[in-house]
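Readers should treat all values here as calculations from the given coordinates under stated rules, not as data from a laboratory. Quantities reported herein were computed from a predicted structural model and do not represent experimental measurements. Because the Cβ atoms are built from the backbone with ideal geometry, glycine has one as well, and the counts that use them run over all protein chains shown.
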Amino acid sequence: MTDPLRIGLAGLGTVGVGIVRIVQSHAELLAARAGRPVQITAVSARSKGKDRGVDLSAYAWEDDPVDLAGRDDVDVVIEVMGGHDGPAKDTTEAALAAGKDVVSANKALLAIHGQALAEAAEAAGRVIRFEAAVAGGIPVVKTLTEGLAANEITRIVGVMNGSCNYILTRMEDAGLTYQEVFDEANGLGYLEADPELDVGGIDAAHKLALLASIAFGTQVNFDGVALEGIGSVTIDDIRQAADMGYKIKLLGVAQMSGRGLEQRMQPCLVPDTSPLGQLAGGTNMVMLEGDAVGQIVMRGAGAGEGPTASAVMGDVMDLARGLRVSTFGQPASSLRKARPAQGAVPAPYYLRLKLLDKPGALAKVATILGDAGVSIDRMRQYDHADTAAPVLIVTHRTTRTALDEAVARFEGTGVVTAPPVAIRIEAV
Ligand code: NAP
Ligand code: HSE
């Protein structure tokens, strides 16, 4: 057998411990598949004395992960500490400067500093691999970078934050409000330490920006993601969307057109019979569409010790086998700065209104929609005890601008009694 691949592991939390478990329990399997042993030589975390439920006695300890990155007995540095600056960034830069490849699960770091880090890797003749940063255990980065390398990617659509999907599913199943389920999930420790990363869509937008960079050969641009979290989704919308045959999902969509690069992370309606519509609980799903391959759907655990460590170790195994792909799938210097698209491609919309139940009220609304060029596909009015009727409209394909113009004029009709809710319906 040839020389072992020697790992320096920075971070011994949920993911780091999962990596230790795989390396220790699958030593033979890893060596057989890589053709060489895959070993951990040194580790780093904040508190040396903490019992982590795994035996670390065979590994050297470094208090400072930057020192770990510079060790002569480390070939690959795994960064699983988290945070988009500070130790994670310093350690990654130090590893590259010391001529080591980096494997990372850190979507925040790469979504914000990805281009600069990819350039630093290239200058050092190294790579950064980040399968675990997107959709946990689902090998979507590898699929996009390698399996679909010969395709022009036409669209990426996905549910990439398990916590949000859990909250939306639980609201529907238990008939609870957003706030009730949020409090419950937070109490159970299902949300990030800063829950806004999850429910504000930021974590999922980091992941989408990384996939978009690989798919479209563009510099990762997290700031270019049009971002809306799930905090405004109501149980009424979930119920009434279901009544019209839809589910509400926090959906990430990236596509390139003549109008530029569109990256959106927002609540959308999808048909309840579609694979995305049927995705329940904390699971992730990513759909990739390529001109030659058509559509691929991947589903699995987006987080957790085992799934995330599995993805990290998949990258490590590539490096152990000598498989080296540029950080974003092509040389960093060739990644273009994409022009962000102004507005999303047209789509049907779901519109929920409360209308005074009196003659001519619906006609006023329909006239405004018609004048704005928005055509009605389906409509439903629900029973009501008070003077205002809940009315649901599904439009034909329209632009968000046309819809917003119409909605802005509703107030002047005197018949719309509550702020209207408009949610995009994504074809999946
Ligand atoms: P975690 O449980 O909070 O663990 C973080 C680890 O980093 C801890 O061991 C901590 O040390 C160590 N650490 C923090 N600051 C440090 C410093 N300055 N020097 C040395 N060590 C330091 O985090 P995690 O859940 O494993 O996540 C790690 C990364 O994976 C993050 O980027 C996260 O976004 C990503 N990720 C996680 C999941 C998941 O399911 N957890 C899924 C996908 C991606 P102590 O233990 O001593 O405090
Ligand atoms: N908080 C994320 C989620 C997991 O709920 O999907 C880590 O990316």
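Below, the figures for the structure above:
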item	result
Square roots of 5 times each gyration tensor eigenvalue, C-alpha, the stretch 1-134, largest first, Å	22, 18, 14
Directionally averaged projected area (convex hull, Cα atoms, the stretch 349-425), nm²	4.5
Between the stretch 230-309 and the stretch 1-42, the Cα center-to-center distance that results, in Å	34
Taking F182, F328 and counting other C-beta atoms within 10 Å, the order from fewest to most	F182, F328
Added length on full extension, which subtracts the Cα-Cα distance from 0.36 nm per residue, A408 to K50	123.2 nm
Positive dipole terminus of the chain, leading residue within A402, V15, L210 (C-beta point charges)	A402
Per principal axis, descending, Cα span of the chain in whole Å	83, 45, 34
The stretch 349-425: relative contact order in percent, alpha carbon pairs under 8 Å with at least 6 residues between	48
Summed side-chain charge close to A97 - residues other than A97 whose Cβ falls under 12 Å, Lys, Arg +1, Asp, Glu -1	0
Within the chain: Cβ-based charge dipole about Cα centre, in debye rounded to nearest 20 (Lys, Arg +1; Asp, Glu -1)	980
Fewest-first sequence of H84, H206, H396 by Cβ atoms within 10 Å of each Cβ	H396, H84, H206
Given charges at beta-carbon only (K, R positive; D, E negative), |dipole| of the stretch 277-334 in Debye	100
Estimated vicinal HN-Hα couplings, Hz - the stretch 46-61 in sequence order (Karplus 6.51, -1.76, 1.60; Gly, Pro = x)	6, 10, 5, x, 5, 7, 10, x, 9, 8, 9, 5, 7, 9, 5, 10
Extent along principal axes [Cα atoms of the stretch 184-312; Å; largest to smallest]	40, 37, 27
Contact order relative to length of the stretch 145-301, as percent, for alpha carbon pairs under 8 angstrom and 6 or more apart	35
Estimated dipole of the stretch 100-168 in Debye, rounded to 20 [Cβ of Lys and Arg +1, of Asp and Glu -1, Cα centre]	160
Mean projection area, nm², convex hull over Cα of the stretch 328-385	7.7
Listed residues S333, Y178, V365: farthest to the positive end of the dipole of the chain (Cβ charges)	V365
Nonlocal Lys pairs with alpha-carbon distance under 17 Å, the chain (8 or more apart, or different chains)	7
Mean separation of Cα contacts under 8 Å, 6 or more apart, over the residue count of the chain: relative contact order %	16
Exposure proxy order (Cβ contacts within 10 Å, fewest to most) of V293, V43	V293, V43
Helix-only [θ]222 nm of the chain, DSSP H runs n ≥ 4, -39500 (n - 2.57) each, per residue, nearest 500	-10000 deg cm²/dmol
Antiparallel bridges, percent of DSSP beta bridges restricted to the chain (to nearest 5)	65
